[in-house]
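What follows is a short report on a single structure.
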Amino acid sequence: MLSNETRRKMSESRKAFQERVGHIHRGPSYNGKWYKGRWIPEHPNASINGNIDEHRLMASKAITKPLPKGVIVHHVNGGLNGGKLVVCQDQAYHLLLHVRERAYRATGDPHKRKCPFCKQWDNPSNMREIIKSQRQATYEHKSCRHQYYLKRVHRNA
């Protein structure tokens, strides 16, 4: 384990080298197996090791300032490379985008929700909202829930 003094000396040495040589060019890296990253240690959104995911760098450039803490960058095309990006203020909004995408692909209407019991898509006004947490809710038909309950009670009786 390195002492704080050793870490400080290594950091100073690295900074002195960067000042002498200029920006050290490193090729793209891959975070896990998906996200392409860039080594830009001076960027405010860079990780401790100086890497920043390319999609987060692009989003930061688009809004012309560093991304705020907790922001999620959503890929509209669902893929990880290229395509349009949406900057979501938090994970809850990001999950809502995924729910709406699934509804739109299945029904053509992003407002519809799927009942977990009958697996049918319907308008939320015809369903009951069940709050799972502060950030997540699900919708179900009251009659479907009742039928499920009756089957379960009779099966266990």
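Just so it is clear, none of the values below were taken in a lab; they were calculated from the coordinates. These figures come from a predicted structure and were not determined experimentally. With ideal geometry, Cβ positions are generated from the backbone for all residues, glycine too; neighbour counts draw on all protein chains shown.
Convex hull over the Cα atoms of segment 110-157, averaged projected area in nm²? Walk me through the numbers before you get to the answer.
Details: hull surface 15.6 nm².
Result: a mean projected hull area of 3.9 nm².
If amide H atoms are built 1.01 Å from N in the plane of the peptide, which residues on other chains or at least 5 residues away come under 5 Å of the amide H of residue 90?
Those qualifying (amide H under 5 Å, at least 5 residues apart or on another chain) are 72.
Take the Cβ-Cβ distance between residue 130 and residue 105 as r, set R0 to 22 Å, and report the resulting FRET efficiency rounded to the nearest 0.05.
Details: r = 23 Å, r/R0 = 1.05.
Once the sixth-power term is evaluated, E becomes 0.45.
Once you have all Cα-Cα distances for segment 36-89, histogram them in 10 Å bins from zero and send the whole-percent values.
Here the calculated profile for segment 36-89 is 26, 57, 17.
Could you compute the FRET efficiency for residue 49 and residue 86, with r as their C-beta to C-beta distance and R0 at 35 Å, rounded to 0.05?
0.85
Report the full-extension gain for the segment residue 117 to residue 146: residue separation times 0.36 nm, less the Cα-Cα distance, to one decimal in nm.
Details: separation 29, 0.36 × 29 = 10.44 nm, distance 0.98 nm.
That works out to 9.5 nm of additional length.
If you put +1 on each Lys and Arg Cβ and -1 on each Asp and Glu Cβ, how big is the dipole of segment 36-89 around its Cα centre, in Debye rounded to 20?
Working: 7 positive and 3 negative charges, 21 e Å.
That gives segment 36-89 a dipole magnitude of about 100 debye.
Between beta-carbons, use under 13 Å as the cut-off and find the net charge around residue 100, counting Lys and Arg +1, Asp and Glu -1. List each step's numbers first, then the result.
Working: positive: 102, 105, 112, 113, 114; negative: 101, 109.
Neighbour charge sum, excluding residue 100 itself: +3.
Let me know the Rg and Dmax you get for segment 70-157 when you use only its Cα atoms, in Å.
16.4, 55
Provide the per-residue ³J(HN,Hα) series for segment 41-57, in order, calculated from phi with Karplus coefficients 6.51, -1.76, 1.60 and θ = phi - 60°, each as a whole number of Hz, with x at glycine and proline positions.
After applying 6.51 cos²θ - 1.76 cosθ + 1.60, I find x, 7, 6, x, 8, 5, 6, 4, 7, x, 8, 9, 5, 4, 5, 6, 5 Hz.
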